[in-house]
1. Any chance you could count how many residues in the stretch 267-288 are part of a helix (DSSP H, G or I) and exposed (fewer than 15 other Cβ atoms within 10 Å of the Cβ)?
2. Does at least one position in the stretch 117-125 carry a residue that is farther than 16 Å from residue 203 by Cβ and in the same structural domain as residue 200 (by TED's automatic domain parsing)?
3. Taking residue 262 as the residue in question, decide whether it is at pLDDT 80 or above, touching a strand residue (DSSP E or B) at 6+ places or on another chain (Cβ under 8 Å), assigned to a helix (DSSP H, G or I) and surrounded by 17 or more Cβ atoms within 10 Å (Cβ to Cβ).
4. With the condition kept exactly as written, say whether any residue in the stretch 32-42 is outside any strand (DSSP E or B), more than 26 Å from residue 177 (Cβ to Cβ) and in contact with a strand residue (DSSP E or B) (Cβ under 9 Å, 6 or more places away or on another chain).
5. Which ones in the stretch 26-39 are crowded, with 20+ Cβ neighbours inside 10 Å and in contact with a helix residue (DSSP H, G or I) (Cβ under 6 Å, 6 or more places away or on another chain)?
């Protein structure tokens, strides 16, 4: 049995809700880290499955793991609660179905050691779908020199930085907690915007060190709620006087997100909302945007959301055709150890 380190270097915060199927793999990805000076705080968010039992089994073997329970309040409040119990100099957020590669902590800490001026380091990532394998998609490097602009307008459009791609110095997270007044799906992006506004320094590691797993929860998440949440964040920030310099970008972002919301309504088969919003957006949309929005409305009257997602993934994997954020998608070959981990829950 491992002994509890007196002062863990890294505190790993894992919000957990009904994750019994995957959380063992997630915790194993901690155990195989080459840098072992960590603690893990699992915050169970009112699970109704065997998640707590799985975590308890790991706790019997490793004293670095701690389990905290709370009534279901969502992952954002679970992360904030975990931070209040963290003792490490650095904080790593990790969802209960995602994975870290073995060199993750060592590589990030080396970057901090070599560049003490950095506040946040972040790495590249891969996406994993059962029966489809590992893929690389949008780049992870923050584009340009204006991090505030990138986080407000380019995140998930020109680049992607996943929640667990970051490793933070603890004072950064303590000073910038997640704002739970924002709707789900936008709290993380809003937090990164505030960190950028506070002029914290971000540093990129050009290496795949984390895995994002697509699960049934990802596939059934409500697209319209996700886009609406991001639109809410953009609208709130557009009212801030200190961001007046981004007036043009805010206007363009609102048009783009409303167009995305039209397609999201269609994706969720909320056709009345979709066609009503399309009519409102028609005059300020380009010809190509009009075709795209109307096309989604027609497609979704014939196909289900699940079939469209599966077809899109098949096209990207097996044909030379791709579009939007899928243009840069490439297959990625994992190590034998990683293959075994995801194949053996």
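1. Looking only at that region, the number is 10.
2. no
3. Here the answer is no, as residue 262 does not meet what is asked.
4. Initially, the stretch 32-42 is screened for residues outside any strand (DSSP E or B), giving 32-37.
Narrowing further to those that are more than 26 Å from residue 177 (Cβ to Cβ): 32, 34, 36.
Next, from what is left, pick out any that are in contact with a strand residue (DSSP E or B) (Cβ under 9 Å, 6 or more places away or on another chain): 32, 36.
The answer is yes, given that some residue of the stretch 32-42 is outside any strand (DSSP E or B), more than 26 Å from residue 177 (Cβ to Cβ) and in contact with a strand residue (DSSP E or B) (Cβ under 9 Å, 6 or more places away or on another chain).
5. 27
The values are calculated or read from the model by the stated rules, or taken from the named source; none is laboratory data. Keep in mind the model is a prediction, meaning the values are calculated, not measured. Because the Cβ atoms are built from the backbone with ideal geometry, glycine has one as well, and the counts that use them run over all protein chains shown.
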